Amino acid sequence: MTVFDEKYWTSRYNTGQTQWDAGEITTPLKEYFNSLKNKDIEILIPGGGNGYEAAFLHKNGFKNVFLLDISAVPLKNFRNKHPDFPAGHLLHEDFFKLKGAFDLVVEQTFFCALHPENRREYAKKTAELLKPGGHLAGVLFDGQFNQAGPPFGGNKEEYQTYFEPYFTIRKLERCYNSIEPREGRELWINIVAQSV
């Protein structure tokens with residue numbers, strides 16, 4: 001089995017194999033961020049890649065945004081493009097070893113990059129990283145892919161089994177505002193951490 005470690009993801013970035021990258025923040029997250037009133041909340045974007053979401057949030061006055069990636073390559077690229085973003089908020093770490101307490105964890109193509117065997121651990125770790133009542137919000141792929149992953153697909157019923165032990169599900173439903181290439185293939189998730 002392929003190990004999706006730092007070396008693997010660095011190779012993907014260095015060879016331009018970033019098919020998941022939409023090139024900008026996508027509509028579901030943009031609209032959700034625009035609905036957030038408290039700009040002091042602590043936000044984690046794991047597997048953040050090129051960081052379009054982090055750049056958007058920072059530009060719009062959110063000062064406690066943390067961008068995490070296991071590969072240093074996208075973090076370095078992000079730093080070069082956004083020199084005013086706090087360097088200490090760029091986290092070159094393994095998500096599963098991260099310590100911290102956040103109000104919001106943003107999901108945007110990180111979950112689908114993990115091997116399905118790691119999904120239950122992802123749900124548990126995310127709940128641990130969130131403050132009581134904190135949210136996991138973002139998009140998940142709805143459906144399978146023809147080629148071997150990553151990305152890996154799935155469906156609502158499968159995802160519920162991972163999240164229900166640790167979260168109260170507020171929304172897990174088909175996105176109404178996906179970008180065109182992803183229409184009909186995304187679920188919007190907004191769930192609240194229980195005490196772990």
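The values are calculated or read from the model by the stated rules, or taken from the named source; none is laboratory data. Remember, it's a predicted structure, so these values are computed and weren't measured experimentally. Methodologically, a virtual Cβ is constructed for each residue, glycine included, from the backbone with ideal geometry; neighbour enumeration extends over all protein chains shown.
Here are a few things to note about the model shown:
- Qualifying residue in the range 119-142 (condition: outside any strand (DSSP E or B) and free of Cβ contacts under 8 Å to residues at least 12 places away in the same chain): no
- Residue in the range 137-180 that is surrounded by the most Cβ atoms within 10 Å (Cβ to Cβ), counting only those that are of a type outside the set (Gly, Ala, Ser) and in contact with a Pro (Cβ under 7 Å, 6 or more places away or on another chain): VAL139
- Within the range 1-116, helices (runs of 4 or more DSSP H) holding 2 or more residues that are modelled with pLDDT of 95 or more and under 22 Å from PHE145 (Cβ atoms): 27-35
- Of the listed requirements (1) under 21 Å from TRP9 (Cβ atoms); (2) in contact with a strand residue (DSSP E or B) (Cβ under 9 Å, 6 or more places away or on another chain); (3) free of Cβ contacts under 8 Å to residues at least 40 places away in the same chain; (4) not polar (S, T, N, Q), HIS82 misses just one: (2).
- Residue within the range 167-180 that is more than 20 Å from PHE66 (Cα to Cα) and of a type in the set (Phe, Trp, Tyr) present: yes
- Per the conditions (1) among the basic types (Lys, Arg); (2) surrounded by 13 or more Cβ atoms within 10 Å (Cβ to Cβ); (3) farther than 22 Å from TRP9 by Cβ; (4) at pLDDT 95 or above, the sole criterion not satisfied by ARG185 is (4).
- Subset of the range 156-182 [modelled with pLDDT of 95 or more and either on the phi > 0 side of the Ramachandran plot or not in a strand (DSSP E or B) (or both)]: LYS156, GLU157, GLU158, TYR159, GLN160, THR161, TYR162, PHE163, GLU164, PRO165, TYR166
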